[in-house]
Amino acid sequence: MSKNEFGTSGADLELRGVSKRFPGFTAIEELDLTIPAGSFFALLGPSGCGKTTTLRIVAGLEEPTTGRVLIGGKDVTDAKPFQRPVNTVFQSYALFPHMTVIENIAFGLRRRRIEDPLGKAREALRLVELENVAQRRPAQLSGGQQQRVALARAIVNRPALLLLDEPLGALDLKLRRQMQLELKEIQAQVGLTFLHVTHDQEEAMTMADTVAVMNKGRIEQMGAPEELYERPRTAFVANFLGQSNLFGGKVVSSSDESIVVDVHGYRVEVPRARSQRHSGEVAVGVRPEKIELHANEPVPASGINIVGPGRVTDVSFSGVSTSYQVSLPGLGVVTVFAQNRSFGPVVHEGEQVWLSWHVEHGFGLEDEPEQLPKFAADDDTQSIAAQRRRQLQTELEGA
Amino acid sequence: MAFGAFSSGAAPGVATVQEGPRRKSRVALFLLLPGIAYLALFFLVPLISLLLTSFMAPREFGDIGQFDYAFRWENYVKVVETYLPHILRSFGYAAIATVLALIIGYPLAYFIGVNLRRFPLVQALALVLVIAPFFISFLLRTLAWKQIFADEGPVVGALNALSLMGPGDHITGTPAAVVFGLTYMFIPFMTLPIYTSLERLDLRYVEAGGDLYASPWTTFRTVTLPLSMPGVVSGTLLTFIPASGDYINASRDFLGSTETAMIGNVVETNFLILQNYPAAAALSIILMATILILVGAYVRKSGTEDLV
């Protein structure tokens with residue numbers, strides 16, 4: 001891309017064997033990744049999984065210990081940040097406090113000596129619907145407005161690759177949803193390659209064409225959001241993207257179509273194509289919303305897994321759906337989500353129930369069953385406290 | 001007054017609430033009293049006295065140093081006519097010293113405030129080193145420099161041996177020596193305020209500059225420097241104002257000569273030797289007024305008031 005004109009389209013991003021070691025720990029281990037031009041790619045993972053380091057390496061703010069970074073087929077590993085056709089929307093926005101909004105947006109254009117920087121900046125400001133604040137300072141804007149200015153400041157440069165570092169993290173839920181839609185719309189309009197780093201699985205799934213789930217410096221699984229959700233390959237993915245009920249057991253019989261696992265005396269069938277391992281001890285799972293509750297023992301039928309009886313230990317109503325915790329002897333606690341299609345919960349706490357799900361909804365994991373992690377559930381006191389704090393922070397910022 | 005406006009806006013029914021702020025403002029006034037009294041006594045009174053002195057006329061048939069209150073504004077014309085070179089020289093030397101101190105102080109402050117951030121202990125040590133000269137009286141330090149630059153001293157000797165200086169040349173007594181002395185003296189005053197600005201500089205702005213196609217130099221010019229402007233302004237003021245009134249470095253007893261005399265030296269001579277008090281007072285007033293005008297224009301120009 002020459003100095004004073006825009007790129008016309010997004011560019012491929014390729015990471016070849018990139019790793020990053022800091023004194024004392026490894027942030028990224030041997031990462032190979034290709035993001036095709038024009039796609040919206042999300043790197044999803046918990047904090048500390050190396051996703052932000054990956055993004056900083058692409059931006060040139062961090063040097064990889066090994067490996068090469070290619071943008072549009074050109075090796076930019078040794079290029080300085082200002083020489084790369086990349087712009088970043090920083091988590092903290094990093095809007096220049098001493099410049100007006102319009103000057104912030106025109107900054108990159110002026111550096112590249114692009115004609116009519118103010119006109120183009122005003123256009124970008126119109127895209128994020130903030131024309132009326134052009135002459136204000138960033139400190140005079142709300143969090144959401146600052147976020148949009150940061151987005152405009154990056155997009156106005158029409159970079160081959162736009163990097164988004166959890167830019168929606170500080171926004172409240174409603175605004176975040178709205179910005180997600182806007183971002184996606186903008187991406188469709190300008191046709192750039194977006195690399196979005198986030199720990200919010202819902203955000204990643206609603207926005208991205210392709211999601212890569214990162215854990216401990218490695219990519220665990222990569223694919224379209226539906227695929228990742230419906231066919232998780234590891235326990236980490238199964239639990240980081242939504243919730244899962246996971247069971248361990250021994251494969252007792254298998255056919256071309258499916259394998260049958262003995263889970264503490266229950267017979268659980270999983271399609272062969274949807275499981276990673278086909279013999280020995282395996283871990284299988286099913287999503288909570290795929291399970292049906294029955295007050296009476298259902299009639300066994302082919303293609304349906306039935307477990308029970310169990311006892312309902314908790315019912316929590318959350319508007320659209322109700323979440324039931326069912327305790328089954330030997331299996332432990334199973335979570336079931338049921339849509340609230342009629343009024344109120346279908347069964348009550350203490351009642352006896354049977355659970356069933358279609359065989360094709362089950363999945364088998366790569367993990368050894370005994371290695372099934374003790375999942376950091378979303379509802380332990382620590383994460384509730386953390387969530388509450390985040391909420392308060394956003395409220396404070398909004399006020 | 002802000003407090004008055006606040007209490008008048010309160011609802012008429014709640015008398016006790018109105019009482020609060022008014023009493024607070026009285027307390028605040030009371031607490032300010034010592035400060036106000038101090039300023040009135042030691043700043044305002046001498047200033048008025050100085051102003052009155054500057055218009056005095058010599059007593060008829062009086063001795064040297066005897067003057068009467070009058071309104072002799074010609075005093076001002078006289079001193080400007082006589083001492084214009086000294087006035088210009090003062091501001092010239094001070095300006096050069098300020099620029100040199102900025103050139104030396106800014107990188108130093110940047111290094112300590114940004115590069116040493118990851119090593120808090122080294123940073124603290126570096127700051128102590130910047131302040132270290134203050135542990136020695138600056139008269140002594142200036143005398144030490146005089147020794148070093150003296151005709152028999154090591155510097156002149158070395159330069160003579162290298163034939164870079166002729167036998168009749170000196171370092172002391174030259175404008176360069178005076179400017180050097182001023183620069184040396186005010187480097188800490190320049191460095192510390194700039195350090196305070198840079199120490200708080202959010203490096204993510206610098207990263208953002210790089211991300212938006214600005215080379216390191218451009219990022220410095222457009223992001224780092226403007227964000228550290230408050231420090232630069234206070235540093236230059238802390239250097240320029242005392243430097244233009246300085247009379248130690250330029251004095252013949254230290255690094256200067258009669259050719260390098262600044263306003264401070266002239267005021268000193270008029271007061272202590274010639275006993276021409278009105279001239280000395282008029283010069284002081286001129287110095288003060290000029291600094292006020294220059295500083296006002298400078299602060300306005302650098303636009304620090306709308307920096308965050």
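Miscellaneous remarks
- Among B:ASP202, A:ASP75, A:ASP116, the sequence by solvent-accessible area, most first, with a 1.4 Å probe is A:ASP116, A:ASP75, B:ASP202.
- At the residue level, B:ILE171 shows approximately 30 square angstrom of accessible surface with a 1.4 angstrom probe and all protein chains present.
- Pairs of Cα atoms nearer than 8 Å and 6+ residues apart set the relative contact order; for segment A:13-228 it is 30 percent.
- Residue-level accessible surface for A:LEU392, protein heavy atoms, 1.4 Å, Å²: 80 Å²
- At least 30 Å² of accessible area lost relative to the chain alone, listed for segment A:92-118 with a 1.4 Å probe: A:SER92, A:ALA94, A:PHE96, A:PRO97, A:HIS98, A:PHE107, A:ARG111, A:ARG112
- Annotation: the antiparallel percentage among DSSP beta bridges lying fully within segment A:13-228 is about 50.
- Of all accessible heavy-atom area on the protein assembly as shown, the percent that carbon and sulfur account for (1.4 Å): 60 percent
- Considering only beta bridges that DSSP places wholly inside the protein assembly as shown, some 75 percent are antiparallel.
- For segment B:23-108: rounded, prolate or oblate by the Cα gyration tensor [a/c cutoff 1.5]: oblate
- Chains A and B, summed buried accessible surface - 1.4 Å probe, Å², nearest 100: 2000 Å²
- Sites listed here are trypsin sites (Lys or Arg not before Pro) in segment A:234-292 whose DSSP assignment is loop and whose Cβ has at most 13 other Cβ atoms within 10 Å, and the list is empty.
- Beta bridges by DSSP in chain A, antiparallel share as percent, to the nearest 5: 75 percent
- Solvent-accessible surface (1.4 angstrom probe) belonging to A:SER342, in square angstrom, nearest 10: 80 Å²
- Solvent exposure ordering (accessible area, 1.4 Å, most first) of A:MET222, A:MET99: A:MET222, A:MET99
- Shown for segment A:72-86: residues covered by the partner protein chains by 40 Å² or more of accessible area relative to the chain by itself (probe radius 1.4 Å), namely A:PHE82.
- Straight Cα distances below 26 angstrom link A:LYS174 to the lysines A:LYS51, A:LYS184, with same-chain residues fewer than 8 positions distant left out.
- With at most 11 other Cβ atoms within 10 Å, longest stretch of chain B clear of loop chymotrypsin sites (Phe, Trp or Tyr not before Pro) (DSSP): B:74-308
- Per-residue shielding of B:212-222, expressed as the average number of other chain Cβ atoms within 10 Å of the residue Cβ, stands at 6.
- Separation in nanometres of the label points that stand 7 Å from Cα toward Cβ, at A:GLU131 and B:PHE119: 5.5 nm
- Convex hull projection area averaged over all views, the protein assembly as shown, Cα basis, nm²: 49.8 nm²
- Reachable aspartates and glutamates from A:LYS250, criterion Cα separation under 16 angstrom, eight or more residues apart if same chain: A:ASP262, A:GLU269, A:GLU281, A:GLU366, A:ASP367, A:GLU368, A:GLU370
- Contour excess over end-to-end distance, with Cα ends at B:LEU47 and B:LEU84 and 0.36 nm allotted per residue: 11.0 nm
- Per residue, the protein assembly as shown exposes 52 Å² of accessible surface when a 1.4 Å probe is rolled over the protein heavy atoms with every protein chain present.
The values are calculated or read from the model by the stated rules, or taken from the named source; none is laboratory data. If you're wondering where the values come from, they're calculated on a predicted model, not measured in any experiment. Cβ sites come from the backbone with ideal geometry, for glycine too, and all protein chains shown count toward neighbours. Remember, those area values only see protein heavy atoms, side chains included, never the ligands or the DNA or RNA. Shrake-Rupley method; radii C 1.70, N 1.55, O 1.52, S 1.80 Å.
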